[in-house]
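Nothing in this text is a laboratory measurement; each read-out follows from the coordinates by a stated rule. Keep in mind the model is a prediction, meaning the values are calculated, not measured. We place every Cβ from the backbone using ideal geometry, glycine too, and count neighbours over all the protein chains shown.
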């Protein structure tokens, strides 16, 4: 019974600042976002139900991305307050270890990791693309719903890849085309680039196309029929952001797009982030616990605790972004190294508290 009372007390001290911080952060972000988009909403006569739908999709994304920061601040404020009030000292004098005191928060970190994964997988992935396209529309790009901007897809079962800058479904015209064939024989491999390709009488025709063969490059200034392009205009779809793919779809596309290294790298980064970002909710608990306990003992102020917490968050995200931009760093390393470093440091410090 005594341990249950302690667990409830610890969770109460954690969730009270957690709720305040969550509401404050969401309120600030939403207020800023609404203020920057109000003029565009009015200019484009966006209906109020559409605006509500947009923010109903935006809020889960904010929660999923901001949950680790909110958890970190809540631990620092909640446990720090208990330490300053000598509650941690009193519990330890009764033979309760710091790790046992922190157990409910560690369990909460695991629970938040699961919730975050579900949010990314089932909510953010299903709404990310719609949000992006809506934002494109209210930026004044009126033809965004008529023209497919940017895309890539496999044109046959061999893995030949077509990328394009834009596709007009009405005119059946591709702009900024690049097609790379994938064959078993290197001597038959071709790369075709063209400013434009048009669907005429049940076939694709490219104008001013450049064909790269293993033995040289040839330019055709006249129209050229693309005999190998057997796909129909109705099969062309817009670019799907890695963020709007589910975990299984990401893994399938990594195998499918083997002929596009940059595309595969983006997918590998995203598939690792899909697991690493949710687990960050547990990592920040390990980082925040020793900091909250030790700073509370020294009488550290709330402002100092919050400031150092924010610096830790900025350091984490800065290292993550930097490593993801360095192409010589494998995608898994760029995503997981910050988790490993912060988790190992926080875990070691947490286990030394006793």
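Before moving on, here are some points about what is shown:
- Rounded tilt (10° steps) of 261-297 against the dominant C-alpha axis of the chain: 10 degrees
- Mean shadow area of segment 163-283 over all directions, Cα convex hull, nm²: 9.6 nm²
- Degrees, to the nearest 10: 331-351 long Cα axis against longest axis of the chain: 0 degrees
- Relative contact order of the chain, defined on C-alpha pairs under 8 angstrom at six or more residues apart (%): 19 percent
- Among 252, 61, 270, residue whose mean-square fluctuation peaks in a GNM of the chain (springs only between Cα atoms under 10 Å): 252
- Whole-angstrom gap from segment 200-277 to segment 36-58, using each part's C-alpha centre: 33 Å
- Computed as a quarter of the hull surface, the mean projected area of the alpha carbon convex hull for the chain stands at 22.9 nm².
- Helix 125-138 axis versus longest C-alpha principal axis of the chain: approximately 70°, rounded to the nearest ten.
- Rg and Dmax over the alpha-carbon atoms of segment 156-230 stand at 12.2, 38 Å.
- Considering only 277, 232, 77, the Gaussian network model of the chain with Cα springs below 10 Å gives its largest mean-square fluctuation to 232.
- The GNM of the chain, with springs linking C-alpha atoms under 10 angstrom apart, assigns the highest mean-square fluctuation among 280, 325, 312 to 325.
- Annotation: the residues 12, 152, sorted from fewest to most other C-beta atoms within 10 Å of their own C-beta, follow the order 12, 152.
- Rough spin-label spacing in nm, given labels placed 7 Å along Cα→Cβ, for residue 122 and residue 201: 5.4 nm
- Highest-first packing order for the peptide set 65-74, 39-48 is 65-74, 39-48, based on the mean count of other beta carbon atoms within 10 Å.
- Helix-derived mean residue ellipticity, 222 nm - over the chain, DSSP H n ≥ 4, -39500 (n - 2.57), to 500: -21000 deg cm²/dmol
- Approximating the spin labels as points 7 Å out from Cα along Cα→Cβ, the residue 165-to-residue 137 distance works out to 2.5 nm.
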